[in-house]
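Colleague: Before anything else, here's the structure in question.
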Amino acid sequence: MFQQGRTSRQFNPLRPQARTSQLAAPSANRRSSSLSKAQANLPFTNIRFLGSSQLSVGNLYVYGQPVQGDFNGDGNLDAAVIAEDSSAYYLAMFPGDGDGTFQSPVFTSLGTTQPTEMIVSGALTGSGRSDIVVLCIGSTIIYMANSDGTFTQGTTYSLGGSRPNGMALVDINADGILDLLVVADASVYTFLGNGDGTFLPATQALLGDGTKSPVWSVFADVNGDGMLDVVGVDQAYTSVDVFLANDSGYTSATVYPGPSSWFYFITVVDLNGDHRPDIVAPDPYNMQVVIYLNNGDGTYQAGVGYATGYDTFPASIGVADVNGDGNVDLIAVDGWSTDITVLLGNGDGAFISPTEGYAARDWLWYLPLIGDFNGDGNPDVIVTGEEFSLTYLQGYGDGTFRAAHTIYTPKGALISQLFRHA
């Protein structure tokens, strides 16, 4: 959700105010570590707690969801996020060492123009480095990656003063060059890429008649016609709206009732192997995730809820095969418990509700970043804390993560916090 500066964070409508975390800023030089599951279970003589790792931005506040890419061209996967102080904004880039550890962040000033909390990354040139696109109210700004981990501001492209709510980098015309798609208010702006970090002037198409604007949106071909449609959350946070693309623009929205509580970050992905993307919507106040299965023609079945664990408040949901069985699993980012919880997929669009969570140490909100940061072939997770850091959780490849565990009974009652030893 777009927020107007630091003072607005206390008014986050999805944040339960009584549960605000009180965390001191970690050391900016703290590095994460990588440890195999076998090593974690070896006998020990010196006891220490096994937990997730913090990636600190010092005294700055983390602002928005993280992105991944090889930003410095060294062949390792890095992470980046927007950070802020009381007067300015920055890109904080954490160079990855390829083994699950990260160096101290490299900062690039974004100036005083407030960005939204949506950024995307992709290789916009042939440099071998991943670049970043930052959305602001009324414009989108390109930041070209340098070999030292910093970024150089490129061209700014106008969105006509409108408020953006979704963005994607994708090659829509099959020329091998990434293009930029932005949903802003009730329009889709399409910027065709030139391959050098610049884009052609945008074409603009209305969503339906231009009167229905999402607050959050994603692109996906939901009906298999080869065109990217728009799936969004409506302004009242009460419905999921599907706008089908056609040769003249986009149809009016097909409206599906949303979860019964306030929701925001939706995800669109094929959950049952029919090659049609399904919709995943968090239902925070009911402690569940709601699944809308695609009928195969771009229409959707009624939503079905799956519990994410007692006292979890799932604000956003990530997707990955975390246990290697070939099925898509769900990773719920949980605000109240400050955990992530994993709902293992059956491969048919149904999920197994979790019995344990993995502690991430801070109130969580944004979509998780999922990637293999230590090169073991297993998905790892990075989540954004509300204050001074990101949290890195190494995946073991069996559906579990290197972190302190929260255990839930089958009825959902929280009974204890358990820690592994290493």
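Colleague: State whether the residues of segment 267-275 include one that is farther than 25 Å from Thr211 by Cα, in contact with a Leu (Cβ under 9 Å, 6 or more places away or on another chain), aliphatic (A, V, I, L, M) and surrounded by 18 or more Cβ atoms within 10 Å (Cβ to Cβ).
Modeller: Checked segment 267-275: at least one residue is farther than 25 Å from Thr211 by Cα, in contact with a Leu (Cβ under 9 Å, 6 or more places away or on another chain), aliphatic (A, V, I, L, M) and surrounded by 18 or more Cβ atoms within 10 Å (Cβ to Cβ).
Colleague: I'd like to know if segment 40-54 contains one or more residues that are under 22 Å from the mean Cα position of the chain (by Cα), modelled with pLDDT of 90 or more and of a type in the set (S, T, N, Q).
Modeller: no
Colleague: I'd like the residue in segment 71-89 that is hydrophobic (A, V, I, L, M, F, W, C) and either in contact with a Lys or Arg (Cβ under 8 Å, 6 or more places away or on another chain) or in a strand (DSSP E or B) (or both) and, out of all such residues, is farthest from Val120 (Cα to Cα).
Modeller: Ala83
Colleague: Consider Asp278 against the criteria (1) closer than 24 Å to Val342 by Cβ; (2) open to solvent by less than 50 Å² (accessible area, probe 1.4 Å); (3) without any contact (Cβ under 8 Å) to a residue 60 or more places away in the chain; (4) among the acidic types (Asp, Glu): it satisfies all of them except one. Which criterion is unmet?
Modeller: (3)
Colleague: Take residues that are buried (at least 24 other Cβ atoms within 10 Å of the Cβ), small (Gly, Ala, Ser) and within 18 Å of the chain's Cα centre (by Cα) and tell me which of the strands (runs of 3 or more DSSP E) falling wholly in segment 348-402 contain 1 or more.
Modeller: Because the criterion is at least 1 residues that are buried (at least 24 other Cβ atoms within 10 Å of the Cβ), small (Gly, Ala, Ser) and within 18 Å of the chain's Cα centre (by Cα), the strands (runs of 3 or more DSSP E) in segment 348-402 that meet it are 389-393.
Colleague: Next question. Go through (1) under 19 Å from Phe199 (Cα atoms); (2) surrounded by 19 or more Cβ atoms within 10 Å (Cβ to Cβ); (3) hydrophobic (A, V, I, L, M, F, W, C) one by one and return the number of the condition Leu110 breaks.
Modeller: Status for Leu110: all satisfied but (1).
Colleague: Look through Tyr285, Tyr306 and report the one residue that is more than 18 Å from the chain's Cα centre (by Cα) and in a helix (DSSP H, G or I).
Modeller: Tyr285
Colleague: Taking the criterion of being within 21 Å of the chain's Cα centre (by Cα), of a type in the set (D, E, K, R) and surrounded by fewer than 20 Cβ atoms within 10 Å (Cβ to Cβ), would at least one residue in segment 162-176 satisfy it?
Modeller: For segment 162-176, residues within 21 Å of the chain's Cα centre (by Cα), of a type in the set (D, E, K, R) and surrounded by fewer than 20 Cβ atoms within 10 Å (Cβ to Cβ): present.
The values are calculated or read from the model by the stated rules, or taken from the named source; none is laboratory data. The structure presented is a predicted model; accordingly, all values stated were derived computationally and were not measured. For neighbour counting, all protein chains shown are included, and Cβ atoms are generated from backbone atoms with ideal geometry for every residue, glycine included. Surface accessibility is based on the protein's heavy atoms, side chains included, excluding ligands, DNA and RNA. Shrake-Rupley method; radii C 1.70, N 1.55, O 1.52, S 1.80 Å.
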